[in-house]
Amino acid sequence: MAGGMNKLSDSTLRKMYGKESPGDRYFADGGGLSIKVTKMGAMSWLFSYRLGGRTSTPQRLRLGSYPDMSLKTARERREQCRAWLAESKDPRHQLNFTTAETLRPITVSEALNYWIREYATDNRANVERHKAQLKKHIFPYIGSLPLAQCETRHWLGCFDRIKKDSPVAAGYVFQMCKQALKFCRVRRYGFSTALEDLTIADVGRKQGKGDRVHTDEELGDIWRSVNSLKFKPYYTSLLRLLMVFGCRSQEPRLSAWTEWDLTKWIWTVPKEHSKGGNRIIRPIPDAMKPFIQVLHDQHKDTGLLLGELKDSSAVSQWGRTVWKRMGHAEPWSLHDLRRSLSTKLNDLGIAPHVVEQLLGHTMPGVMAVYNRSQYLKDKREALALWCERLELLAINDTSNVIILRTSHE
């Protein structure tokens, strides 16, 4: 190689090993790497370097013994040391650190739990879902492996098992793990790039944004089922809240009574329960006040809006099958109710920014910075109109719906 690198060979080393000599000898391989042969024939790899340029005192770092450390491994270690020097890092300190990491390595489960503890708990509303997925799909298979030694193929084995039944879930778990490993790497807690070259398409399927909007007949059917208590009380109440407020299912599922002001009739979703990390303020329309009051009377002692805290997986599983129970021809999900509310309210003439605030979306551009208005009056009117619309759809009569006009009209 250029620069006088790689002067030694495996055959030369084998001939020197174990042979006695009058004194210690040194043989250079190039690039700072050399091997010391003692008079008794013992051999050890050395890396010579300077930290402050040619005028600084040369230092010599022992890398390992031959043949325990092969020529190939010694050269790899040399290149690592040279890379550390290029970053102005002392190879001696870096080698000690990596050796300690090897002797007591961070495991996959420790790294992922570190991300859960230091990031997801405060920044993810569905952190319990993350914990459950890791416990089910990752920890039993590779959780005890050292993170640095867990290769891409080990991770793919986990994702492939998920993909057999749910390719979308496989992509979701992959994204979560990839973010967690990056978080650990940036914080210098643990190092792994095993997932860096993979994309969702390599492990599963990305969840589509979807375009399913309920027909008026479907919405009327669902609202009738809510009024007739067709489902168990928990899910009947959940479905009513999702239909009226267009909220994400985790918002009422996690909701505590401390979020509900029954004097001003305001529901404030805290940022820790919001997917976007923003507080969401929704007025409670008159049509919903008796229902909310009944829930409060029934569940106030539990502290929870719905009286119990169901796992997100249980709610999701129920939501995936409700369309069949309704006898609808085309599948729909609980999340599609948000899209239906958004579409129908826009069709009814509600200003887009009011609809976006009801959904809990971040305002676009500079509006997110300067416009802090909650548009409570506009949101209250929109939800009142929406409740009226649902009642009329339930009786198949939409002729009396009043269309609200936007200010520019």
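Quick look at the values:
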quantity	calculated
Residue tally, condition modelled with pLDDT of 95 or more and either of a type in the set (Gly, Ala, Ser) or more than 30 Å from the chain's Cα centre (by Cα) (or both), over segment 250-297	23
Complete set of residues in segment 76-90 that are within 13 Å of TRP45 (Cβ to Cβ) and either surrounded by 18 or more Cβ atoms within 10 Å (Cβ to Cβ) or not charged (D, E, K, R) (or both)	ARG77, ARG78, GLN80, CYS81
Residue satisfying condition, being surrounded by fewer than 17 Cβ atoms within 10 Å (Cβ to Cβ) and either modelled with pLDDT of 90 or more or outside the structural domain of GLY190 (by TED's automatic domain parsing) (or both), within set PHE97, PHE47	PHE97
Selection from segment 161-210 of residues that are more than 21 Å from TYR141 (Cα to Cα) and of a type in the set (A, V, I, L, M)	VAL186, ALA201
Hits in segment 316-326 (condition: surrounded by fewer than 17 Cβ atoms within 10 Å (Cβ to Cβ) and either modelled with pLDDT of 95 or more or among the hydrophobic types (A, V, I, L, M, F, W, C) (or both))	MET326
Any hit, segment 225-232, residues being surrounded by 14 or more Cβ atoms within 10 Å (Cβ to Cβ) and either under 14 Å from the mean Cα position of the chain (by Cα) or in a loop (DSSP other than H, G, I, E, B) (or both)	yes
Helices (runs of 4 or more DSSP H) fully within segment 121-216 counting 3 or more residues that are at pLDDT below 90	127-137, 167-186
Pairs where the first residue, in segment 297-314, is in the same structural domain as LEU239 (by TED's automatic domain parsing) and the second is loosely packed, with under 13 Cβ neighbours inside 10 Å, C-beta under 7 Å, 6+ apart	THR302/GLU308
Residue under evaluation GLY276, criteria (1) closer than 25 Å to ARG389 by Cβ; (2) touching a residue at least 40 places away in the same chain (Cβ under 8 Å); (3) assigned to a loop (DSSP other than H, G, I, E, B), criterion not met	(1)
Odd one out for VAL369, checked against (1) assigned to a helix (DSSP H, G or I); (2) modelled with pLDDT under 95; (3) surrounded by 17 or more Cβ atoms within 10 Å (Cβ to Cβ)	(3)
Residue among THR263, THR236, THR258 that is part of a helix (DSSP H, G or I), more than 17 Å from ALA394 (Cα to Cα) and of a type in the set (S, T, N, Q)	THR258
Unmet criterion (only one of (1) closer than 20 Å to SER342 by Cβ; (2) at pLDDT below 95) for ARG240	(2)
GLN94, sole failed condition from (1) without any contact (Cβ under 8 Å) to a residue 24 or more places away in the chain; (2) more than 37 Å from the chain's Cα centre (by Cα)	(2)
Answer residue from segment 37-69, given it is part of a loop (DSSP other than H, G, I, E, B) and either in contact (Cβ under 8 Å) with a residue 60 or more places away in the chain or within 18 Å of GLU87 (Cβ to Cβ) (or both) and is farthest from the chain's Cα centre (by Cα) among those	SER56
Tally, over segment 300-315, of residues that are buried (at least 17 other Cβ atoms within 10 Å of the Cβ) and in a helix (DSSP H, G or I)	2
Segment 117-136 residues that are over 18 Å from GLN317 (Cα atoms), paired with ones that are of a type in the set (S, T, N, Q) (beta carbon under 7 Å, 6 or more apart)	ALA125/GLN250; ALA125/SER274
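The values are calculated or read from the model by the stated rules, or taken from the named source; none is laboratory data. These numbers were taken from a predicted model, which means no experiment stands behind them. With ideal geometry, Cβ positions are generated from the backbone for all residues, glycine too; neighbour counts draw on all protein chains shown.
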